[in-house]
Amino acid sequence: MASFKDLEDSLKSFIIQEQSDAHNVRSVSVAKYNNIKIWMDPSKYVQPHFVVRITISEAVFALSDCSKINGGLGYEERFVNKWFGRMGIKEKLLELWTNAEKNKEDR
């Protein structure tokens, strides 16, 4: 079963790799991505979604197509969209959404 921590680590690695591949190795601030957070809040947004926080920026994305529902991450949104398109990411997020919905009903 996927965990939010696994997905946070995956997104962090993906962003750092993408920036390194763009020949920005010297300007990549790895520490900036140490506190990436991903979570879901079914009580706030009924639509299946996930929230990404990078430093002080935060955005909510739809699980169906990674379209932005709320907030903003600036230029890093493109990395989230590319990461979402990787094999297995959407499925892991959907699994976590199903569990979050189930936990909401159990309360």
message = Run the numbers for residue 65 and residue 30: contour at 0.36 nm per residue of separation, minus the present Cα-Cα distance, in nm.
response = 9.9 nm
request  = Counting residues in the stretch 4-106 as N, plug N into 2.2 N^0.38 Å and put the Cα Rg over that result.
outcome  = 1.08
key: Cβ charges +1 (Lys, Arg) and -1 (Asp, Glu), total dipole of the chain, debye   = 200
query = With the dipole of the chain worked out from charges on the C-beta (+1 for Lys and Arg, -1 for Asp and Glu) around the Cα centre, which of 75, 10, 103 lies farthest toward the positive end?
reply = 75
request  = Quickly estimate the mean residue ellipticity at 222 nm for the chain, helices only: each DSSP H run with n ≥ 4 gives -39500 (n - 2.57), and the total goes over all residues, rounded to 500.
outcome  = -13500 deg cm²/dmol
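Let's test the formula: R0 of 22 Å, r as the Cβ-Cβ distance of residue 44 and residue 95. What FRET efficiency results, to the nearest 0.05?
0.65
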query = Once the Cβ-Cβ distance between residue 87 and residue 56 is put in as r, and R0 is 30 Å, what FRET efficiency do you end up with, to the nearest 0.05?
reply = 0.45
remark   = Contact order relative to length for the chain, counting C-alpha pairs under 8 Å separated by 6 or more residues, stands in percent at 25
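Read the figures in this text as sums done on the coordinates, not as results from a lab. Worth saying up front: this structure is predicted, and the values here are computed from it rather than measured. Note that each Cβ is placed from the backbone with ideal geometry, even for glycine, and that neighbours are counted across all protein chains shown.
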